[in-house]
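Colleague: The structure is given below, and queries will be raised subsequently.
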Amino acid sequence: MIGSMDMGVRIGDLVMPNPVGVASGTFGYGQEYEPLVDADALGALYTKAVTPEPRRGNPAPRLVDTPAGMLNSIGLANPGLDAFIAEKLPGLRARRCSVVVNVAGKTEDDYLRVLERLEAEDGIDGYEINVSCPNVAHGGLAFGTDPAQVERLTRRLADARTRGGARRPIIVKLSPNVTDICVVAKAAEAGGADAVSCINTLVGMVIDVKAKRTTLAMGTGGLSGPAIRPVGVACVYKVSRAVSIPVIGLGGICDADDALQYLLAGAVAVQLGTAVFSRPEAPLEALEGIRAFMEKEGLSSVADIGALLL
Amino acid sequence: MIGSMDMGVRIGDLVMPNPVGVASGTFGYGQEYEPLVDADALGALYTKAVTPEPRRGNPAPRLVDTPAGMLNSIGLANPGLDAFIAEKLPGLRARRCSVVVNVAGKTEDDYLRVLERLEAEDGIDGYEINVSCPNVAHGGLAFGTDPAQVERLTRRLADARTRGGARRPIIVKLSPNVTDICVVAKAAEAGGADAVSCINTLVGMVIDVKAKRTTLAMGTGGLSGPAIRPVGVACVYKVSRAVSIPVIGLGGICDADDALQYLLAGAVAVQLGTAVFSRPEAPLEALEGIRAFMEKEGLSSVADIGALLL
Amino acid sequence: MKRLDTTVSSIRQVAEGYYELRFAWPAQGGDEPGPGRFVTIRAGGRYDPALRRPFAFSDYRAGAAGEGGEAAIVFQVRGRGTAHMAGLRPGDSLDALGPLGKGFGRPARGARPVLVAGGIGVGPMLYLAATLAEDAAAGLCEAPILAMGFRNAAFAPDIDLPAGAVICTDDGSSGFKGTVADWLAGFDPGSPPAFYACGPAPMMAAVARLAEARRAPYEAAVEQWMACGVGACAGCAVPVKSGGFVRACVDGPVLDGSIVDWEASR
Amino acid sequence: MKRLDTTVSSIRQVAEGYYELRFAWPAQGGDEPGPGRFVTIRAGGRYDPALRRPFAFSDYRAGAAGEGGEAAIVFQVRGRGTAHMAGLRPGDSLDALGPLGKGFGRPARGARPVLVAGGIGVGPMLYLAATLAEDAAAGLCEAPILAMGFRNAAFAPDIDLPAGAVICTDDGSSGFKGTVADWLAGFDPGSPPAFYACGPAPMMAAVARLAEARRAPYEAAVEQWMACGVGACAGCAVPVKSGGFVRACVDGPVLDGSIVDWEASR
Ligand SMILES: Cc1cc2nc3c(=O)[nH]c(=O)nc-3n(C[C@H](O)[C@H](O)[C@H](O)COP(=O)(O)OP(=O)(O)OC[C@H]3O[C@@H](n4cnc5c(N)ncnc54)[C@H](O)[C@@H]3O)c2cc1C
Ligand SMILES: Cc1cc2nc3c(=O)[nH]c(=O)nc-3n(C[C@H](O)[C@H](O)[C@H](O)COP(=O)(O)OP(=O)(O)OC[C@H]3O[C@@H](n4cnc5c(N)ncnc54)[C@H](O)[C@@H]3O)c2cc1C
Ligand SMILES: Cc1cc2nc3c(=O)[nH]c(=O)nc-3n(C[C@H](O)[C@H](O)[C@H](O)COP(=O)(O)O)c2cc1C
Ligand SMILES: Cc1cc2nc3c(=O)[nH]c(=O)nc-3n(C[C@H](O)[C@H](O)[C@H](O)COP(=O)(O)O)c2cc1C
Ligand code: FES
Ligand code: FES
């Protein structure tokens, strides 16, 4: 049974070795968690967002713990495109797992600049387009809530791919902070996205009553962790029925059971974010659990899990 | 100090005795929690939704526990307008706290019918208009996401009030499942709402991996409890800066500190829902804590708390 | 009904994954536990789980005049709430709310109470068996029969069983080999039976069919997710054959087994 | 760096709201705890809190050849994570990840280490004091001075204090009456001082001013909310005077106190 089991997941022209990835912003660029996690055994590593220029990120504090979750307002802190290529990409290139670069920017042209430049570099397997970050004033979230803009940006990015051969998939990462996430998902599909991933964080705020101010220096931040899992599962269930491109599910996944909720809801792959902070071994344990589930159910392909839902 | 402290909260023509209420759907009609909770000591009791006709509610299971929260798909189960007046209102009439009837329906006319009929009855202090329930197919949520419809419904309800003297406030209960909650809040204000309350539940889903089906018979349900508190606080912060009518805050409040987060964010009053299930004494303890905070801060009125936020 | 910060008096494992938890429970006039009634426990941390966990009383002993009594539950470790409870130790504080719900009624004079228990239904049925044994001793009914079904011997509780207790195991590792329903099929109650059951849905439905066939009364203690436990939230809906729902927490958990729509229950 | 399901060896209250927790921590070549380094602990239930809690090592004793060692932390009960930890008992399992971060450096030969601790900074500074006392005994530096500030005597830990320890209390209920900064103002280190501090922000800023005035080196162990603890999330940003941020978890927690923007820190 195991022998004939196919853990691979197809996203456009890419086949990820297995369905379990680590979410953007929670795993850095893959070296930080050494030796705690064998990143090579993952299905995919989604990098922290890359923007054209270096970003310091938002003022501190940028984190606060919430019931079964956390808020962050990192603000896309990253070394910028040049330093990413010079310092981070060499390590990523050596990875056996798929490497998906999370792309962000202030303007459409920013996104284009990052993608165009990365097309010239080896060692990258796909792009996750972050149109859903709630933590930058002029950035992601505005994009992520306007279907017309999502469609146009997606089309420009899809068309800007210049490499010959297998094309690197464009994965549009959706925000749950919208009235109807399916409308935005369809816009991404119409623009030529190879897949969508959902969900990014929910907008939230914590007030420090003693200090009488918001705990985060920025006021609001993005809510992640187990607390939001039911929201993510509902989004994946709806989106996977609204579009015909693959859906990658995330939001609050802690273990195999949580991952299987997403796969049963219609996702073809998953990502773990906040859970990695708490239990770095969670992604690979979840992968083992999915494998065991498939074996028990007699499935030969991850893609068959969704059909089991009654 | 205590002597001169004013715990009262003005909502339109109504003055609630204090800022702490129990949320619609979690406290029934006030008798169920006897003798655990002295409901007379509350600021306000928001009833379970009342619809024109009796409703059995959704198929079972209707509840499931989630990380630091729960999903419900009760589906506005209630005895209907006639039975509400005959069986529940007499007990509510005797209450010392403000009694706010949560009004729901399938059509605008349904809401009108409930309000018009209740205008003829004594013992009611206000109406909370549930345009935000995620659990009814043709009902609330469609309303709550369309600003034009919210404005029109609010205006019709505000105009339908026929009683002489102090008018019963119309409190429009907002859904967080929208791209911009402020737009809907402003629509309610434009329609003549005396206040808005936020938030209702977030749409969520849990899948029972063993059974391979959604745990709730309805598939999706409404997420409530501590898990959603940061979302509620962010909504209240934004809405209270977008409208000039009072904002009543709820979502995951468990204790005085949580309630004060909402009051500092800009709410003039709060409601506790899911927390009452876990600790029935939570609302009155929160009230005590708010009182202690005001004393420490030397405040003489609840309405002054919001101004303390730095 | 009261909410108490009470104290664990003892906890011990009684079967694979099952524990008996005893705790102080002061007697209060007219509001005592009883077989089929339940208590809800805050089991975990400050925010999670957000809902109390319901458990049927498995025992109650009133204290001497004016003194506190002691109550017990038998629980199975299923998820994070019960996992937390399994870690409780004597002296630990316990946030308990109860007694809640409607318990079992008494059989007609001369009837033979036939009690059927499986899984987490063992606690309340042991309590009921003990109570009915007293009734029988007082001549109010025939001596009760208690049939308990388990997957295998490891799940049969290490608790003093009443006279007339029968253990059935799927694999025959203890007692009768087969399901409780199998055993009941070959059992002659002698007197007109009155059925009582608590356990997994298939077992509950099987007893319903049996009771119907014998035109015997059937009191069934149902299980359903609960939020308030006091009838306020309409969450614990149990579908009934007439259409619509009853609330497990206040209309039940003990219901007339013949009105419950066992097919629609899950 | 490793994540271990280790075991609590002892826990005891050492001051009002403060506990010392000792746990097994096997020695591992080149990756040992050290003063200023920290460990993160999963403190609570399955889902809540979602983040591990960071604590500085307060002690570490290597085991005999090939044997496991023992580490300790001193923690204050602040919220639900530490409240849970206060309920741990010997033998309980403990999910710990570490050692993390950059610890304290060693003073220049002939320098007088002046250690300043307050609140939750007591643990790491006691560890540092013990280490530097050994260095002093070996002639590598002057004997360290440890000044600890508390609101009152109840907060001063009941732990063996090293020679040269000074206790300052705001109300004079123990030792010097006044803040540590007050005491330091009147203190002559004899040799060129090297400052080390861990504690509340105002204390850290006061030591920064003192070190600047005396042109002395200042190693400051900072505190900031953390998510990953390993440099991956950029969450634990500490503002520096040059603009921008450093990460408390990998660039620190021990930082050059003169570069930290204490005003912008909160
Ligand atoms: C009236 C009543 C009496 C009960 N008596 C007993 C008893 O005597 N002994 C015993 O072992 N169990 C009893 N149960 C079941 C018990 O409440 C659940 O096993 C327990 O709540 C599981 O909690 P958990 O956190 O460990 O599991 P989770 O991981 O949260 O859930 C595991 C499963 O437990 C059930 N469950 C969880 N929470 C609830 C809830 N709030 N209400 C109802 N079901 C829930 C669900 O089926 C869920 O799928 C009773 C339930 C009810 C409604
Ligand atoms: C490098 C470092 C070393 C530390 N060493 C010690 C020590 O030796 N002894 C000690 O008592 N405390 C130490 N702390 C602080 C300790 O981590 C917090 O007190 C603890 O996390 C509080 O958890 P809680 O759940 O009880 O509190 P909560 O109720 O969650 O929060 C109370 C306060 O604790 C702080 N806090 C909570 N979680 C974190 C987190 N993940 N990261 C940083 N701060 C947090 C926040 O200021 C928060 O307002 C250290 C912190 C850091 C960053
Ligand atoms: C600290 C932190 C930083 C994040 N940074 C990014 C980012 O740069 N780009 C992005 O698309 N998502 C980012 N996210 C969102 C996560 O990738 C993920 O969508 C979200 O946290 C929900 O998943 P989780 O609940 O498993 O964490 C970040 C999340 C966290 C907690
Ligand atoms: C079981 C249940 C039933 C509810 N029924 C209603 C309802 O009838 N009308 C309504 O406006 N809100 C209803 N709500 C939403 C709550 O009033 C409240 O907005 C929400 O639960 C968030 O607050 P909380 O986190 O404090 O529970 C219900 C919530 C729960 C949990
Ligand atoms: S649990 Fe709320 S009505 Fe039964
Ligand atoms: S805590 Fe993640 S970078 Fe420091």
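Coordinate-derived values only; no laboratory data. Just so you know, these numbers come straight off a predicted model, no measurement behind them. Cβ atoms come from the backbone with ideal geometry, glycine included; neighbour counts cover every protein chain shown.
Colleague: Placing unit charges on C-beta atoms (Lys and Arg positive, Asp and Glu negative, everything else neutral), compute the dipole magnitude of the stretch D:112-265 about its Cα centre in debye, rounded to 20.
Modeller: That gives the stretch D:112-265 a dipole magnitude of about 240 debye.
Colleague: Report, for B:D82, each distance to the same residue's label point in the other copies, shortest first and in nm; define the point 7 Å along Cα→Cβ.
Modeller: 7.9
Colleague: Roughly how many whole Å is it from the C-alpha centroid of the stretch A:161-228 to that of the stretch C:9-61?
Modeller: 43 Å
Colleague: For the charge dipole of the protein assembly as shown, defined by +1 on Lys and Arg C-beta atoms and -1 on Asp and Glu C-beta atoms about the Cα centroid, which residue among D:A163, B:G21, B:A166 has the Cα displaced farthest towards the positive pole?
Modeller: Of the options given, the answer is B:A166.
Colleague: Still on this model: Is chain D rounded, prolate or oblate when judged by the Cα gyration tensor, a ≥ b ≥ c being the square roots of its eigenvalues, rounded requiring a/c under 1.5 and prolate requiring a/b larger than b/c?
Modeller: Judged from the Cα gyration tensor, chain D comes out rounded (a/c under 1.5).
Colleague: While we're looking at this one, here's another question. Answer with one residue from A:A307, A:V196, A:M70: the one whose Cα lies farthest towards the positive end of the charge dipole of chain A, charges on Cβ with Lys, Arg +1 and Asp, Glu -1.
Modeller: Result: A:M70, furthest along the dipole toward the positive end.
Colleague: Sort the stretch B:239-307 into rounded, prolate or oblate with this rule: let a ≥ b ≥ c be the square roots of the eigenvalues of the Cα gyration tensor; rounded if a/c is under 1.5, and if a/c is not under 1.5, prolate when a/b is larger than b/c, oblate otherwise.
Modeller: oblate
Colleague: In nm to one decimal, list the spacings between the A:D180 label point and its equivalents in the other copies, with label points set 7 Å along Cα to Cβ, shortest first.
Modeller: In nanometres, ordered from closest: 1.8.
Colleague: While we're here: What aspartates and glutamates does D:K102 reach when the alpha-carbon gap must be under 12 Å and sequence neighbours fewer than 8 apart in one chain are set aside?
Modeller: Within the straight-line limit of under 12 Å, D:K102 reaches these aspartates and glutamates: D:D31, D:E32, D:E219, D:D251, D:D256.
Colleague: At a threshold of 8 angstrom on Cα-Cα distance, excluding pairs fewer than six apart, so keeping six or more, what relative contact order does chain D reach in percent?
Modeller: Relative contact order for chain D comes out at 18 percent.
Colleague: Another question, then. Name the residue, out of B:E34, B:E151, B:E288, whose mean-square fluctuation peaks in a Gaussian network model built on chain B with Cα pairs under 10 Å.
Modeller: Comparing B:E34, B:E151, B:E288 in the GNM, the peak value goes to B:E34.
Colleague: Distance in nm between label sites at D:D160 and A:D38, each 7 Å beyond Cα in the beta-carbon direction?
Modeller: Those two pseudo-labels are separated by 4.4 nm.
Colleague: Tell me the mean residue ellipticity at 222 nm calculated for the protein assembly as shown from its helices only (DSSP H runs of n ≥ 4, each -39500 (n - 2.57), averaged over every residue, nearest 500).
Modeller: Value at 222 nm, helices only, nearest 500: -7000 deg cm²/dmol.
Colleague: Pick out which of A:D109, A:D82, A:D122 has the largest mean-square fluctuation in a Gaussian network model of chain A, springs linking Cα atoms closer than 10 Å.
Modeller: A:D122
Colleague: Using the Cβ atoms and a cut-off under 14 Å, what net charge is assigned to the surroundings of C:V250, where Lys and Arg are +1 and Asp and Glu are -1?
Modeller: 0
Colleague: On to the next question. For B:254-263, what's the mean count of beta carbons from other chains sitting within 10 Å of each residue's beta carbon?
Modeller: Neighbouring Cβ atoms belonging to other protein chains average 3 per residue here.
Colleague: Considering the options B:L263, B:G232, B:M218, tell which one lies farthest towards the positive end of the dipole of the stretch B:211-270, charges being +1 on Lys and Arg and -1 on Asp and Glu at the Cβ, about the Cα centre.
Modeller: Value: B:M218.
Colleague: Let me ask something else about it. Go ahead and set up a Gaussian network model of chain C, Cα springs under 10 Å, then flag whichever of C:G118, C:G229, C:G243 fluctuates most.
Modeller: Answer for the Gaussian network model of chain C: C:G243.
Colleague: Further question on the same structure: Between copies, how close do the C:G17 label points come, placed 7 Å along Cα→Cβ, listed in nm from shortest?
Modeller: Shortest to longest, the spacings are 4.3 nm.
Colleague: Another one. With charges set only on the Cβ (+1 for Lys and Arg, -1 for Asp and Glu), what does the dipole of chain D come to about its Cα centre, in debye to the nearest 20?
Modeller: Around 520 debye, computed over chain D.
Colleague: How would the protein assembly as shown be classified by its alpha-carbon gyration tensor: rounded, prolate or oblate, with rounded meaning a/c under 1.5 and the a/b versus b/c comparison settling the rest?
Modeller: Verdict is rounded for the protein assembly as shown.
Colleague: So, one more: Quick one: 3J(HN,Hα) in Hz for the stretch D:186-200, Karplus 6.51/-1.76/1.60 with θ = phi - 60°, rounded, Gly and Pro as x.
Modeller: My calculation for the stretch D:186-200 gives x, 9, 9, x, x, 9, x, x, 10, 8, 9, 8, 8, x, x Hz in order.
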